[in-house]
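**Q** Please find one structure pasted underneath; my questions will follow.
Bear in mind these aren't lab numbers, they're just calculated from the coordinates by the rules spelled out. Model, not experiment: these values are computed from the prediction. Cβ placement follows ideal geometry from the backbone for every residue including glycine, while neighbour counts extend to all protein chains displayed.
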Amino acid sequence: MRIVSGERNLNTLLKSMRPKLADGEYVFSTLAREEVEKLTVAPLMTYVEDEGITVVLDKQLAESFDIPFGPTWSLITLTVHSDLEAVGFIARMSTELANAGISVNVVSAYYHDHLFVPPDKAEQAMKILKGLSETE
């Protein structure tokens, strides 16, 4: 079975990225496998590292399970279907955000790229991304 790939052209990606800001706040934490298995709701994301399993989850969910976490993050999803082999897309966006002093944690999933930015910078990040989209 062949899986449909996404867009690879950088200019097309930038023009059609359509960023969408999610409601709520998200957190990153790390848990042992047995702690992840105790969760009754699936985290937004998990990634297995040598030191433990990184989880990204809604802040309220983390608080309800007494999961320790650091800073909170807002989630921006780029709704264009980007190809995992697209070159320069993440670099272009992260450079623009860095130039504005906005930190970003990027998660690339099969269909979309997801940007975690500080909540107090989320609206500014949205303006930058929309502006980048309009100038390409």
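**Q** Report the one residue of Tyr110, Leu129, Ile67 whose Cα lies farthest in the direction of the positive end of the charge dipole of the stretch 56-136 (charges on C-beta: Lys and Arg +1, Asp and Glu -1; origin at the Cα centre).
**A** Leu129
**Q** Hey, what angle do you get for helix 122-135 against the long axis of the chain, alpha-carbon based, 0 to 90 degrees rounded to 10?
**A** On a 0 to 90 degree scale, this one is about 30.
**Q** For a footprinting-style exposure proxy, rank Leu84, Leu21 by other Cβ within 10 Å, fewest first.
**A** Details: Leu84 12, Leu21 15.
Fewest to most other Cβ atoms nearby, the residues stand as Leu84, Leu21.
**Q** Pulled fully out, how much extra length does the chain show between Ser108 and Ile3, if you take 0.36 nm times their separation in residues and subtract their Cα-Cα distance?
**A** Full extension of this stretch gives 36.1 nm more.
**Q** Let me ask something else. Within the stretch 4-63, list the trypsin sites (Lys or Arg not before Pro) lying in a DSSP loop whose Cβ has at most 16 other Cβ atoms in a 10 Å radius. All intermediate terms of the calculation are to be shown ahead of the outcome.
**A** Details: sites: Arg8, Lys15, Lys20, Arg33, Lys38, Lys59; in loops: Arg8.
Loop-located and lightly packed - Arg8.
**Q** Between Gly6 and residues 5 or more places away or on another chain, which pairs have amide H atoms under 5 Å apart, with H built 1.01 Å from N, and which residues are they?
**A** Asp83, Leu84
**Q** While we're looking at this one, here's another question. With angles folded into 0 to 90 degrees, how steeply does helix 89-99 sit against the dominant principal axis of the chain? Use alpha carbons for both and round to 10.
**A** 80 degrees
**Q** Pairs of alpha-carbon atoms within less than 8 angstrom and 6+ residues apart define the contacts here; what relative contact order does the chain have, in percent? Before the final figure, lay out each step's value.
**A** On the way: 226 pairs, mean separation 44.0, N = 136.
Normalised by residue count, the contact order of the chain is 32 percent.
**Q** Right, something else. Counting only C-alpha contacts under 8 Å and six or more residues apart, can you give the relative contact order of the stretch 72-136 as a whole percent? Display every interim value, and only then the final one.
**A** Values: 75 pairs, mean separation 27.9, N = 65.
Dividing the mean separation by the residue count of the stretch 72-136 yields 43 percent.
**Q** Match the structure shown to one of the listed values (i) 10.3; (ii) 9.6; (iii) 11.7 of mean projected area of the Cα convex hull in nm², computed from it, and give that label.
**A** Computed from the coordinates, mean projected area of the Cα convex hull in nm² corresponds to (ii).
**Q** What is the list of residues in the stretch 62-88 whose amide nitrogen lies under 16 Å from a point 7 angstrom out from the Cα of Asn11, following Cα to Cβ?
**A** Output list for this probe position: 87-88.
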